[in-house]
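Undergrad: My structure is below; once you've seen it, I'll send some questions.
The values are calculated or read from the model by the stated rules, or taken from the named source; none is laboratory data. These numbers come from a predicted model, not from an experiment. Using ideal geometry, Cβ is built from the backbone for each residue, glycine included, and neighbour counts are taken over all protein chains shown.
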Amino acid sequence: MQTESNIQPPHLSASDPILCIVGPTGAGKTHLAMSLAEHAQSLGITIELISMDSALVYRGLDIGSAKPTQAERATVIHHLIDILDPIEVYSAAKFANDAKQLCEKIRERGNIPVVVGGTMLYWRAWAHGLSFLPPADAAIRARLDAQGKVIGWPAMHTELMKIDPITAARLMPNDSQRVQRAIEVYEITGKPMSTLLADSPSADGREGSAIPEWINLVSLEPSDRARLHANLEKRFDEMLSGGLISEVEKLRTNSALHPELPAIRSVGYRQIWEYLDGQTDWDEMRYKSLAATRQLGKRQLTWLRAISGRNTFDPFNPEELKAALDYCKQTLVKSALIK
């Protein structure tokens, strides 16, 4: 069984690279992928989409994750969506293994795989393999969870700063999941996570890494940050009016779910959970949700801009958006010819 510590990148033919569409939240990745699928169908080519999104794997997280609609999923085959209950945990290592196997099976069917999403840790695991980090320790994790609840995650972030200032500098003080993991790694190994990443024989996938020859990376990177934020605000308000609160209320009827699960930590869900717990009022919930969404987008762009050799397009520029679709179409036709 593969774990995060031993997974290696897949070895696929460089003559037929896999198209991967990435970008920050709200950049229009799904729209581009669906437009590409429509074009493929007109040519008699079948593509299958592989979701690279840590929230879409969970059943019941539909509205807040901007999950593809049932109509979209009926039009194009989607993979790695609704495969787990929210109580379960999905890892970057598991994604890398699943994506590798799916690409192989899709090709065996005579179809073309296209990977779409913005969970960049999944990208790193799939493209480069993961660093040799230790597996999770349930006892240490439970103790850190309890400590974080008592003193707060900003205080835990301060503790991380003392033992691993490099990792702490790139994490937000309230990013409980990543702060916890960094402290856990230090307690298990006695070494800062940043040191282990630097010493790892696997490519980090963040610090100026190149794209493997078996991947063709298309990155949608909005140039107008203010417009992106406005779009994200509009989208979140539409989610609220579209039943997001009711969706979280339904999740809360499952007594096994709690705020520390990765599913409930997803942007928007955590903030609404706190609102329903009475920890915040409506305005604060909305503010925190939008702030978390903007922070997510900023982290995604930081990852992307460190990847050399990506094909970058501005989705807010109509000419560049058309160029992105044309580029993907050309890649698709080439893959079909090779196949």
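Undergrad: I'd like the full set of residues that are charged (D, E, K, R) and either closer than 19 Å to A146 by Cα or buried (at least 16 other Cβ atoms within 10 Å of the Cβ) (or both), limited to region 167-192.
TA: Initial filter on region 167-192 (charged (D, E, K, R)): 170, 175, 178, 181, 184, 187, 191.
The answer is D175, R178, R181, E184, E187.
Undergrad: Let me ask something additional. Inside region 309-339, can you point out the residues that are touching a helix residue (DSSP H, G or I) at 6+ places or on another chain (Cβ under 7 Å) and aromatic (F, W, Y)?
TA: F313, F316
Undergrad: Got at least one residue in region 309-321 being surrounded by 19 or more Cβ atoms within 10 Å (Cβ to Cβ) and either without any contact (Cβ under 8 Å) to a residue 60 or more places away in the chain or in a helix (DSSP H, G or I) (or both)?
TA: No, region 309-321 contains no residue that is surrounded by 19 or more Cβ atoms within 10 Å (Cβ to Cβ) and either without any contact (Cβ under 8 Å) to a residue 60 or more places away in the chain or in a helix (DSSP H, G or I) (or both).
Let's see how each residue does on (1) part of a helix (DSSP H, G or I); (2) of a type outside the set (A, V, I, L, M, F, W, C); (3) without any contact (Cβ under 8 Å) to a residue 24 or more places away in the chain; (4) surrounded by 18 or more Cβ atoms within 10 Å (Cβ to Cβ):
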site	(1), (2), (3), (4)
E247	yes, yes, no, yes
N254	no, yes, no, no
I264	no, no, no, yes
R270	yes, yes, yes, yes
D283	yes, yes, yes, no
K288	yes, yes, yes, yes
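Undergrad: Next question. Working only within region 148-199, note down all residues that are acidic (D, E) and either within 21 Å of T302 (Cα to Cα) or not in a helix (DSSP H, G or I) (or both).
TA: Answer for region 148-199, where residues must be acidic (D, E) and either within 21 Å of T302 (Cα to Cα) or not in a helix (DSSP H, G or I) (or both): D164, D175.
Undergrad: Out of region 98-123, which residues are assigned to a loop (DSSP other than H, G, I, E, B) and closer than 19 Å to P262 by Cα?
TA: G117, G118, T119 - these are the residues of region 98-123 that are assigned to a loop (DSSP other than H, G, I, E, B) and closer than 19 Å to P262 by Cα.
Undergrad: Ok, one more. Show the residue pairs meeting these rules: Cβ distance below 6 Å; 6+ apart or different chains; first residue within region 101-121 and surrounded by fewer than 19 Cβ atoms within 10 Å (Cβ to Cβ); second residue among the acidic types (D, E).
TA: Matching pairs, first to second residue: N111/E48.
Undergrad: Return the residues of region 28-68 that are surrounded by 19 or more Cβ atoms within 10 Å (Cβ to Cβ), of a type in the set (G, A, S) and assigned to a helix (DSSP H, G or I); say none if nothing qualifies.
TA: A33, A37, A40
Undergrad: So S223 fits all but one of (1) over 30 Å from D98 (Cα atoms); (2) modelled with pLDDT under 95; (3) in a helix (DSSP H, G or I); what number is the exception?
TA: With (1) over 30 Å from D98 (Cα atoms); (2) modelled with pLDDT under 95; (3) in a helix (DSSP H, G or I) applied to S223, the lone miss is (3).
Undergrad: Something else now. Which of the residues that make up region 46-82 are out of contact with any Ser or Thr (no Cβ under 8 Å at 6 or more places or on another chain) and charged (D, E, K, R)?
TA: Listed by number, the residues that qualify are E48, R59, D62, K67, R73, D82.
Undergrad: Also, I was wondering about something else. Between residues in region 137-151 that are in the same structural domain as Y186 (by TED's automatic domain parsing) and residues that are of a type in the set (S, T, Y), which pairs lie under 9 Å by C-beta distance while being six or more apart or on different chains?
TA: Correct list of pairs: D145/S176; G148/S176.
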